[in-house]
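Asks: Structure provided below as structure tokens; questions to follow.
The values are calculated or read from the model by the stated rules, or taken from the named source; none is laboratory data. Worth saying up front: this structure is predicted, and the values here are computed from it rather than measured. Every residue, glycine as well, gets a Cβ built from its backbone with ideal geometry; the counts of neighbours run over all protein chains shown.
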Amino acid sequence: MSTELLYMDDSYLREFDARVLDVRQDEVWLDRTAFYPQGGGLSSDTGVIRKGSKEYKVVDVRKESGIIWHKVLGHSLKKGDEIRGIIDWDKRYRVMRMHTALHALISIMNKKYGVLVTGNKISPERSRVDVNLEKPDRELVKEAIEETNQILAEGLPVKIYYLPRKEAMKIPGIVKLAKALPPNVDKLRIVEIESVDIQADGGPHVGNTKEIGKIVFLKLENKGKNNRRIHFTLEP
């Protein structure tokens, strides 16, 4: 039995009810969850789990063989307990904005310069992405960010849907990772920024680009041959 992943269909779900399936020390397995586990370069959700009048902090969430394990501090939860999960929304929403912003930026850079992603780390306050860009050209990156910001300001809808894997993999640009492919499942979750980008992706996103704000360039680093690390944040 795996965990029902509520965040896959509703990135805006802040609270949910669930049942404890198992406990191992400070980790709890729920039958369903809206907590996003660490993965894909995104930091995990945090928040709280409530059982009756008691409340416990969720400090980390990880996926292991289809099971989502929640690290819960000082809990007394046991198998069969009915709980209420509550997401730290400020952190989640900031990560959602960062994540959609990154998709848009990489799409622009992919179309203009053919770059692919070699690594990334998305956090609430600042994020980074590694791309296989031949030269460490700050002005090129800054121009791509400016173009992306103009597009984000148009308020484009961001759609999430599913396609059969074979059909999805025929779409040009559906994968923008240099050394990875989507999971080998029958249906892929697709995230589409209307008229800008379409990618197979399993993480949370905003519903419209107007929610993102403005991408702010921080710095550019060399990380090996043909590998550049772009640091950025968002305003506000």
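Asks: When you go through Ile108, Ile145 one by one, which is the residue that is outside any strand (DSSP E or B) and touching an Asp or Glu at 6+ places or on another chain (Cβ under 7 Å)?
Replies: Working: Ile145 fails: touching an Asp or Glu at 6+ places or on another chain (Cβ under 7 Å).
Ile108 is the lone residue from the list that is outside any strand (DSSP E or B) and touching an Asp or Glu at 6+ places or on another chain (Cβ under 7 Å).
Asks: May I pose another question? Can you tell me which of (1) under 24 Å from Leu133 (Cα atoms); (2) more than 16 Å from the chain's Cα centre (by Cα); (3) at pLDDT 95 or above is the one Asp197 doesn't meet?
Replies: Of the numbered conditions (1) under 24 Å from Leu133 (Cα atoms); (2) more than 16 Å from the chain's Cα centre (by Cα); (3) at pLDDT 95 or above, the odd one out for Asp197 is (2).
Asks: Which residues, taken from region 68-85, are crowded, with 17+ Cβ neighbours inside 10 Å and of a type outside the set (Phe, Trp, Tyr)? Lay out the reasoning, then the answer.
Replies: Kept after step one, since they are crowded, with 17+ Cβ neighbours inside 10 Å, are these residues of region 68-85: 68-72, 75, 77, 81, 83, 85.
Hits for region 68-85 are Ile68, His70, Lys71, Val72, His75, Leu77, Asp81, Ile83, Gly85.
Asks: Continuing with the same structure: For region 141-187, which residues satisfy the criterion of being closer than 19 Å to Asn120 by Cβ and hydrophobic (A, V, I, L, M, F, W, C)?
Replies: The answer is Val141, Ala144, Ile145, Leu152, Val158, Ile174, Val175, Leu177, Ala178, Ala180, Leu181.
Asks: Then there is this: Assuming Gly41 fulfils every condition listed in (1) farther than 20 Å from Glu192 by Cα; (2) outside the structural domain of Gly173 (by TED's automatic domain parsing); (3) small (Gly, Ala, Ser) apart from one, which condition is it?
Replies: The single condition Gly41 does not satisfy is (1).
Asks: Oh, and also: Do the conditions hold for Met96, that is, is it within 19 Å of Leu177 (Cβ to Cβ) and not in a loop (DSSP other than H, G, I, E, B)?
Replies: Values: within 19 Å of Leu177 (Cβ to Cβ): no; not in a loop (DSSP other than H, G, I, E, B): yes.
Answer is no for this residue.
Asks: I'm checking my understanding of the structure. Among residues of region 104-150 that are in contact with a helix residue (DSSP H, G or I) (Cβ under 7 Å, 6 or more places away or on another chain) and charged (D, E, K, R), which one is modelled with the highest pLDDT?
Replies: Glu147
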